[in-house]
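A.B. asks: Have a look at the structure that comes next, please.
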Amino acid sequence: MRVFQCAVMGSGGVGKSAITVRFINGSYLEWYDPTIEDSYRKQFSVDNQPCLLEILDTAGIDQYLTLNDMFIRESEGFVLVFSLCQRDTFEEIIRTYEAIRRIKLPEGNQIVPLVIVGNKSDLIDEREVDSTEGEKLAMDWKCTYYETSARTSTNIVPVFEDIVRQLRRSDLIRRQERERDPSHNKRRRMKSKKCVVL
Ligand SMILES: Nc1nc2c(ncn2[C@@H]2O[C@H](COP(=O)(O)OP(=O)(O)O)[C@@H](O)[C@H]2O)c(=O)[nH]1
Ligand SMILES: [Mg+2]
């Protein structure tokens, strides 16, 4: 089965691990080691079709920017998480999005499967980012926006179903491009030959 690769990115403390683990095994732990980077695989069904999703829960350590670039290169889809209770984390996903565009679009990708997630929706009184701001960003980036709570398990599954739908759509577009223009693939391969020195 085709394995879709997606990365969960965003500032430290926004709930990337809580969201990922909630989706993978349904549990919620108050504390995860923030430095741990882990990848998980889950088989589930989206629109009555089975799929296999590999999720990389990044540690989001800002000083390792080159590492972030490597995750972006290796991933096909992105879940960009910010905390609804911390405005600076909303600004941070804009910077991550710019890095994704810089890396992904020159590789010949027309669109990048992406979901924006505003997490901690259960902390109603502490909200610093309005729903309309997330929705506007999603409109600008032509992607989708969800408000989640890993604590109450709100909207967690829809986030991952959505990224799978986008990944399938992007596969389909690529297949159609290939059928229309067989030399397209060769050009893409030539363009993407790169050497990364870390
Ligand atoms: N109230 C609330 N707290 C959350 C939620 N998601 C995560 N947290 C808490 O936020 C802190 C950071 O979560 P974590 O998943 O480790 O963040 P990461 O650094 O982005 O992986 C932990 O104390 C979590 O318990 C949520 O939806 N609601
Ligand atoms: Mg974490």
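A.B. asks: Residues that are farther than 25 Å from G134 by Cβ: list the helices (runs of 4 or more DSSP H) wholly contained in region 1-106 that include at least 3 such residues.
C.D. replies: 65-74
A.B. asks: Scan region 33-41 and give yes if some residue there is basic (K, R) and free of Cβ contacts under 8 Å to residues at least 60 places away in the same chain, otherwise no.
C.D. replies: Yes - at least one qualifying residue is present in region 33-41.
A.B. asks: Here is a list of conditions, (1) surrounded by 12 or more Cβ atoms within 10 Å (Cβ to Cβ); (2) within 10 Å of ligand 2 (Cβ to nearest atom), and I36 meets all of them except one; can you say which number that is?
C.D. replies: (1)
A.B. asks: Just one of the numbered conditions (1) near ligand 1 (Cβ under 7 Å from one of its atoms); (2) touching a helix residue (DSSP H, G or I) at 6+ places or on another chain (Cβ under 8 Å); (3) within 19 Å of M70 (Cα to Cα) is not true of V14; which one?
C.D. replies: (3)
A.B. asks: Inspect region 32-50 for any residue being closer than 18 Å to S153 by Cα, touching an Asp or Glu at 6+ places or on another chain (Cβ under 7 Å) and at pLDDT 95 or above and give the result as yes or no.
C.D. replies: no
A.B. asks: Under 9 Å between Cβ atoms, which residue pairs at least 6 apart in sequence (or on different chains) link something in region 1-20 that is free of Cβ contacts under 8 Å to residues at least 24 places away in the same chain with a partner that is assigned to a helix (DSSP H, G or I) and buried (at least 16 other Cβ atoms within 10 Å of the Cβ)?
C.D. replies: If the second residue must be assigned to a helix (DSSP H, G or I) and buried (at least 16 other Cβ atoms within 10 Å of the Cβ), no pairs are left.
A.B. asks: Do you know which residues across region 138-158 are touching a residue at least 60 places away in the same chain (Cβ under 8 Å), within 12 Å of ligand 1 (Cβ to nearest atom) and either of a type in the set (F, W, Y) or under 11 Å from I19 (Cβ atoms) (or both)?
C.D. replies: Those that are touching a residue at least 60 places away in the same chain (Cβ under 8 Å), within 12 Å of ligand 1 (Cβ to nearest atom) and either of a type in the set (F, W, Y) or under 11 Å from I19 (Cβ atoms) (or both): T148, A150, R151, S153, I156.
The values are calculated or read from the model by the stated rules, or taken from the named source; none is laboratory data. For clarity, every value in this text was computed on a predicted model and none was experimentally measured. Because the Cβ atoms are built from the backbone with ideal geometry, glycine has one as well, and the counts that use them run over all protein chains shown.
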